[in-house]
Each structure stands twice: as structure tokens, then as C-alpha cells.
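What follows is a set of notes on a single structure, which appears directly below.
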Amino acid sequence: MSYSSFLLKAVFIIFFLNGSFLATAQASQSFRGKCLLEVEGKKYINGSCDISMHDDGSFQVSKNNPPLTYFAQVSVTGKNVAEGNWNGEEGATHAHDPLGNLVRKGACWQNKRVKVCAWK
């Protein structure tokens with residue numbers, strides 16, 4: 001694991017442990033929809049899913065059967081650009097694996113190895 005990857009994971013975990021993430025979370029709406037989470041050519045979510053949308057366009061998609069299987073978070077950082085994270089392994093409860101910088105293409109946010117899409 002690279003130093004920058006380790007640092008990113010450490011900062012993310014600290015946010016969750018001290019509650020800062022919850023204090024800064026924006027108003028959101030949750031609903032059932034259709035999602036796609038594809039990482040390196042493998043589809044982890046493809047169909048019915050839970051979607052949580054934030055006012056700034058950031059969102060989370062998750063597949064709950066139950067139990068929770070996979071989920072991804074897209075955090076908008078600018079116009080049509082975002083950072084993505086996901087849990088990386090079935091049932092993991094933290095989005096500790098970075099998906100990298102993502103660009104928006106319609107209902108999808110993607111880069112060369114990842115695609116995260118959400119539709120109502």
C-alpha cells in the first residue's frame with residue numbers, strides 16, 4: 001500500500017471515529033432506485049438498490065439484501081468532478097477503498113477502472 005493511500009484511509013477512518021463526518025453531512029433524501037457499481041470490469045451492484053442523495057449532488061449507492069453487501073460513495077468536489085470510495089469487500093461497513101477521481105457522464109461518475117451510476 002502506498003503512503004498516500006494509507007494516509008487517505010487513515011484520515012477517512014478518523015473522520016468516522018470522531019463524528020466529524022456526521023456533523024458535516026448535508027441534508028439528504030433516500031429512496032430505492034437502480035444502480036450500477038462496476039470496478040475493474042466486475043459489476044458489484046447492477047439493478048435495484050438504495051440511493052442516498054445529498055444537496056450538493058454527492059450520493060451513496062448500496063445493495064442491501066439484507067445483509068449489506070456492497071456500497072459506494074461519490075463526493076462531489078467541483079463541477080462534474082468527484083472523489084469515490086467503496087467498501088471493497090462484501091459486507092464491509094466502511095468505504096475504505098478509494099475509487100479515485102471521477103468525472104460525470106450523465107447519471108454516471110467514472111474513470112478508467114470504475115463506474116458508479118444511480119437512477120430513480
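The values are calculated or read from the model by the stated rules, or taken from the named source; none is laboratory data. Computed from a predicted model, the values in this text were never measured in an experiment. Reconstructed Cβ throughout: ideal geometry from the backbone, glycine too, with neighbour counts over all protein chains shown.
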Item to check | When residues of segment 66-104 are limited to those that are in contact (Cβ under 8 Å) with a residue 40 or more places away in the chain and small (Gly, Ala, Ser), the one nearest to residue 48 (Cα to Cα) | outcome: 72
Checklist entry - Can you pull out the residues in segment 57-96 that are in a strand (DSSP E or B) and in contact with a helix residue (DSSP H, G or I) (Cβ under 8 Å, 6 or more places away or on another chain)? => result 85
Item to check | Pick from segment 68-94, criterion at pLDDT below 95 and more than 18 Å from residue 46 (Cα to Cα), ranking: surrounded by the fewest Cβ atoms within 10 Å (Cβ to Cβ) | outcome: 93
Next on the checklist: The conditions are (1) in contact with a His (Cβ under 8 Å, 6 or more places away or on another chain); (2) farther than 24 Å from residue 100 by Cβ, and residue 28 fails exactly one of them. Which is it?
Outcome noted: (2)
Next on the checklist: Every residue in segment 44-61 that is more than 12 Å from residue 73 (Cβ to Cβ) and either surrounded by fewer than 17 Cβ atoms within 10 Å (Cβ to Cβ) or among the aromatic types (Phe, Trp, Tyr) (or both), please.
Outcome noted: 44, 46, 47, 48, 55, 56, 57
Checklist entry - Inside segment 86-104, can you point out the residues that are charged (D, E, K, R) and more than 15 Å from residue 59 (Cβ to Cβ)? => result 89, 90, 97
Checklist entry - Considering segment 105-120 alone, what residues qualify as being among the small types (Gly, Ala, Ser) and assigned to a loop (DSSP other than H, G, I, E, B)? => result 106, 107
Item to check | Those residues of segment 1-49 which are in contact with a Phe, Trp or Tyr (Cβ under 8 Å, 6 or more places away or on another chain) and modelled with pLDDT of 95 or more, in sequence order | outcome: 33, 34, 35, 37, 38, 39, 44, 45
